[in-house]
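Inspection log for the structure reproduced underneath, given as C-alpha cells.
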Amino acid sequence: MTVEVHVVTPEREVWSGTAEQVIARGAEGELGILAGHVPLLVRLSIAPLRIQTEGGDWLMAVVDGGFLHVTSEEGRTRVDVLAAHAELAGEIDLQAARIRKEEAEVRLQSHATRLAEAEMASARAELAKAVARISAAG
Amino acid sequence: MGAKLRVVRRRIKSVQSTKKITRAMELIASSRIVKAQQRVEASRPYALQLTQAMEDVARQTGSVAHPLLEEREHSARVGVLVVTSDRGLAGSYNSNVLKVGEDLMKEVRSRGLEPVVYVAGKKGVGYFRFRGVPMRRSWQGFSEVPPYDKAEEIGTALIEDFAVHEINELHCAYTDFLSAFTLRATGKRFLPIAAHEVRGGGARGVHAEYLFEPGPAQILDHLLPQYLITKVYAALLESAASENAARRRAMKAATDNAEELIKILTRQANRARQDEITTEISEIVGGAEALSAAAEG
C-alpha cells in the first residue's frame with residue numbers, strides 16, 4: 001500500500017509521486033503518514049520533510065511551515081504538503097543556508113534587547129529556515 | 001543628391017530603426033507571455049489544494065467564524081488595490097485597469113464611504129501621484145515577473161490594515177488573462193472572504209475521524225491569510241501575463257505601422273529620385289541642343 005504525495009508551493013510543484021510513508025514535523029510534534037491514515041489537516045513547522053519512496057529510499061526535503069493535508073478517496077490515500085517555500089535536499093544551497101544562519105544568529109544576539117517583537121520573530125524564523133535546510137541537506 | 005531625396009531617405013532610416021526596436025519588443029513580449037502563462041499554471045495546484053483544505057475545515061466544523069470572513073456593518077473605509085505595470089508601451093493596458101480602479105472608488109464613494117488606495121506597479125503610482133490621490137501603500141519593480149514573496153508582502157500588509165479596521169473591505173482591480181487576445185480588466189472583492197468561497201461546492205461527506213492539529217480554529221487562522229495571499233499572487237500573475245500580451249499587441253501594431261510608413265516613404269523617395277534624373281536628362285539634352293545650335297550657326 002502506498003500513498004500519493006504532492007509537495008506544492010505557489011510557484012511550482014516541488015515533488016509528486018507515490019511513497020511508502022511521509023514523515024513531517026507538525027505544530028504539535030513529529031508525525032508519520034502511512035497508507036490508510038485517517039483524514040488529517042496539520043499545520044507544519046519549519047522543518048525537514050522525509051518521504052520514503054516506493055523502493056524504500058528516503059527523499060529529504062525542507063518546508064517553511066505550511067500545511068499537510070491527508071485525504072482518502074476510494075481507499076487511496078493522498079498527502080498534500082502545501083508550503084510557501086519548499087526545496088528538495090538536492091536543491092538546497094548549503095553555503096547560502098550557512099550564511100543565512102550566521103546572519104540570523106548575529107541579528108538575534110547583537111540586538112536581542114533592542115529588537116521589536118515582530119523583528120525577533122522574523123529573525124527566529126530565518127534561523128529556523130536556515131537550520132532546517134542545513135539538517136535536510138546534511 | 002537633391003535635398004528632398006536626402007530628407008526622405010533620412011526619414012526611412014529613422015522609421016526602420018524604430019521598427020527594429022518595436023519588433024524586438026514584440027518578440028520579447030511574446031516569449032514572456034508563454035513564461036507568464038506557465039507561472040499561472042504552476043500556481044494552480046497550490047491554490048486548488050489550499051481551497052480544498054479550507055473547504056474541509058468548513059465542512060468538518062459545520063460553521064466557520066473568523067474575522068476575515070466577517071461582513072462588517074459599519075464600514076467607513078474601503079480598500080482598493082490596483083494592479084498596474086511598471087513600464088508603459090503596452091497600449092491601453094494600464095488605462096483600462098486604472099479605469100476599473102476609478103470605477104471601484106466611485107462606487108465606494110456613492111455608498112458614502114471613503115476609498116483607501118493601494119497600488120502595485122510604477123504606472124499606477126505615477127497616475128495617482130499626478131492626480132494628488134493619497135496612496136496608503138504602494139509596491140513596484142516586479143510587475144513583469146511577480147515573485148511570491150511580493151504577494152506575501154502585499155497580502156500581509158492588507159490583512160494587517162483589515163485587522164486594525166483601517167479598511168473594512170478590500171476590492172482589487174487587475175487584468176484577467178483570458179487568452180492572448182482577450183484581456184479583461186476586472187474588479188473583485190477580496191475581503192472579507194465570501195462564505196461561499198470557503199464552503200465550496202463539493203459534496204464530500206463529513207468524516208467522523210477527521211483530525212486537526214492544532215484545532216480547526218487555529219488552522220483557519222493560518223489558512224485564511226494564506227488564501228488571501230494566494231489570491232493576490234494570482235492577480236499579480238494574471239496581470240503580468242496580460243501586461244505582456246498587451247505589450248505584444250501594441251508593439252505588433254507599431255511594427256505594422258512602421259512597415260506601412262516605410263512603403264509610403266520609399267515611393268516618395270523613388271519619385272524624388274526619378275524627378276531628379278528627369279531634370280538631369282532634360283538639362284543635358286538642353287545643353288547638347290544649345291551646343292549643336294551654336295556649332296551650326
Exercise. Pick out which of B:SER30, B:SER179, B:SER143 has the largest mean-square fluctuation in a Gaussian network model of chain B, springs linking Cα atoms closer than 10 Å.
Key: B:SER179
Self-check item: Average other protein chain Cβ within 10 Å of Cβ, residues A:30-42
Solution: 3
Practice problem: Leaving ligands, DNA and RNA out of it, work out the accessible area of A:MET60 with a 1.4 Å probe and give it in Å² to the nearest 10. | Solution: 50
Quiz item: Ignoring ligands, DNA and RNA, what accessible area per residue does the range A:93-137 give at 1.4 Å, in Å²?
Solution: 63
Quiz item: Averaged across the residues of B:8-21, what count of C-beta atoms belonging to other chains lies within 10 Å of each residue's C-beta?
Solution: 0
Quiz item: Of B:TYR127, B:TYR93, B:TYR210, which has the largest mean-square fluctuation in a 10 Å C-alpha GNM of chain B?
Solution: B:TYR210
Quiz item: Taking the protein assembly as shown, how much of its Cα-Cα pair set, in percent, is spaced more than 40 angstrom apart?
Solution: 37
Exercise. Based on alpha-carbon positions alone, could you give the equivalent ellipsoid semi-axes of chain B from the gyration tensor, as √(5λ), descending, whole Å?
Key: 63, 21, 13
Quiz item: For the range A:3-90, what is the accessible area per residue in Å², given a 1.4 Å probe and the full set of protein chains?
Solution: 38
Quiz item: What is the total of Lys pairs in chain B with C-alpha atoms under 15 Å apart, excluding same-chain pairs fewer than 8 positions apart?
Solution: 11
Quiz item: Can you pull the percent of the protein assembly as shown's accessible area that's carbon plus sulfur, 1.4 Å probe, other chains left in place?
Solution: 53
Practice problem: Would you work out if the range B:123-162 is rounded, prolate or oblate? Take a ≥ b ≥ c from the square roots of the eigenvalues of the alpha-carbon gyration tensor; rounded if a/c is under 1.5, else prolate when a/b is larger than b/c, oblate otherwise. | Solution: oblate
Self-check item: Solvent-accessible area buried by A and B, counting both chains, probe 1.4 angstrom, square angstrom
Solution: 2300
Quiz item: Pick from A:SER110, A:SER72, A:SER122: which is most flexible by mean-square fluctuation in a GNM of chain A where alpha carbon atoms under 10 Å apart are linked?
Solution: A:SER110
Practice problem: Return an integer: the convex hull volume of the alpha-carbon atoms of the range B:150-243, in Å³ per residue. | Solution: 133
Quiz item: D for chain A, whole µm²/s, Stokes-Einstein with Kirkwood Rh over alpha-carbon pairs at 37 °C and 0.692 mPa s: what number?
Solution: 209
Quiz item: Nearest 10 degrees, 0 to 90: what angle lies between the long axis of helix A:117-137 and the longest principal axis of chain A (Cα atoms)?
Solution: 50
Quiz item: In peptide A:78-85, what is the residue-averaged number of other protein chain Cβ atoms found within 10 Å of each Cβ?
Solution: 4
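The values are calculated or read from the model by the stated rules, or taken from the named source; none is laboratory data. Model, not experiment: these values are computed from the prediction. As a convention, Cβ positions derive from the backbone with ideal geometry for all residues, glycine included, and neighbour counts pool all protein chains shown. Calculation scope for accessible area: heavy atoms of the full protein, side chains included, ligands and nucleic acids excluded. Shrake-Rupley method; radii C 1.70, N 1.55, O 1.52, S 1.80 Å.
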